[in-house]
1. For a footprinting-style exposure proxy, rank I13, I226, I148 by other Cβ within 10 Å, fewest first.
2. Distance from the Cα centre of the stretch 1-68 to that of the stretch 279-325, in angstrom?
3. Give me the percent relative contact order of the chain, please, defined on Cα pairs under 8 angstrom at least 6 residues apart.
4. Could you list H22, H64 in order of exposure, starting from the residue whose Cβ has the fewest other Cβ atoms within 10 Å?
5. Would you please put 118-126, 169-177 in order of how densely packed they are, using the mean number of other Cβ atoms within 10 angstrom per residue and starting with the highest?
6. From the Cα trace of the stretch 4-171, what convex hull volume per residue do you get, rounded to a whole Å³?
7. With every atom except the alpha carbons ignored, what do you get for Rg and Dmax of the chain, in angstroms?
8. Using 7 Å Cα-to-Cβ label points, what is the N295/H264 separation (nm, one decimal)?
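Please treat every number below as a calculation from the coordinates, not as lab data. Values in this document were obtained by computation on a predicted structure and should not be read as measured data. Quick reminder, even Gly has a Cβ in these numbers, built from the backbone with ideal geometry, and neighbours come from all protein chains shown.
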Amino acid sequence: MIYPWFEPVWQQIARHWQQQPHAWLLYGHPGIGKREFAEYLAQALLCESPRTNHQPCSECTSCHLYSQHSHPDFLLVTPEEADSEGGERKQALIKVETIRNVLDFAHLSAHRGGKRVALIYPAESMNLQAANALLKILEEPPAGMVFILVSHQKDRLLPTIKSRCRQVALTMPARAQALAYVQQQHGDNAADLLAFHGGAPLFADNDSHNQLRNELIPLLIKPRLIALLDYAAAFDKQKLALCTFLDWLAKWLLDMSLAQQHIHAMYYPAWQNALNEITGQINPLSLFALIDRVNALAPYGKHTLNVKMQLEDLLIDYLNVWQHKNTKP
């Protein structure tokens, strides 16, 4: 399927259907429907009776096989699933062994006599060895083989890979369009949810995440040491990744800095009054130092750090900001 905000992009692709590349790179913000767009493109490339504007018919044998996730000429490549012990804390990667399977697939003859398509999502999860292995076949692709790479962070891809793909930016929907979609999916709290997710309308309504995030905000408004340490333990018990907490805290700190400049909150608009009240008590330099520390931890959001210890340290630093103490460099 294609979400309504991507219809203009599809129309542009359809107008140049006869000049297709052997490799696509679809990139954009998370949570806007890039994977669904990529799968729609893959189905269209495999469809045996395409409709107007080269849309898949959803009725031919290829479309039926595709809908059943059993098309022999389609290969979906995603990171290895995290095991039950690691939960979301395990960093999922596409490894070289997986890409070698893609290379084997690329050199097979098409079962249906048309194209073969490999979809790699997200492409930046390939480790260096996997990326180099893919690069070799992108340089000399077999006839009839199409690669579709989907990326949330295209700057993490090798420049040589990007240069061998036709790059298509999938942009955020307009706020009104996104809000209408979120209202349909999530009801009355749509505006706050859309704001928290940065305007991206596609997100999982995770109860455990929502509960912990809702418990965090009152603690950040009136921080107390014991309560903050108890929260770190409760978060750790859920086996959530450090990057999840870093996302919540970074957004709150950014809204604090915006409030200091008398600018409306970007991520927590429902807490605007509280932000206005508390930020008058905060030293801007101390706040910026804490923001820098959170940003420095971001690359380690799914590494094997002690999450509870990291949360305790960050929350104590947050408390120190309130008490006008210097945070760590």
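1. Numbers: I13 19, I226 7, I148 25.
Placing the least packed residue first, the sequence is I226, I13, I148.
2. So the two Cα centres are separated by 43 Å.
3. Values: 455 pairs, mean separation 60.7, N = 329.
The value is 18 percent.
4. Details: H22 18, H64 12.
The most exposed by this proxy come first: H64, H22.
5. Order by mean packing, descending: 118-126, 169-177.
6. 125
7. That works out to 22.9, 70 Å for Rg and Dmax.
8. It works out to 2.5 nm between the two label points.
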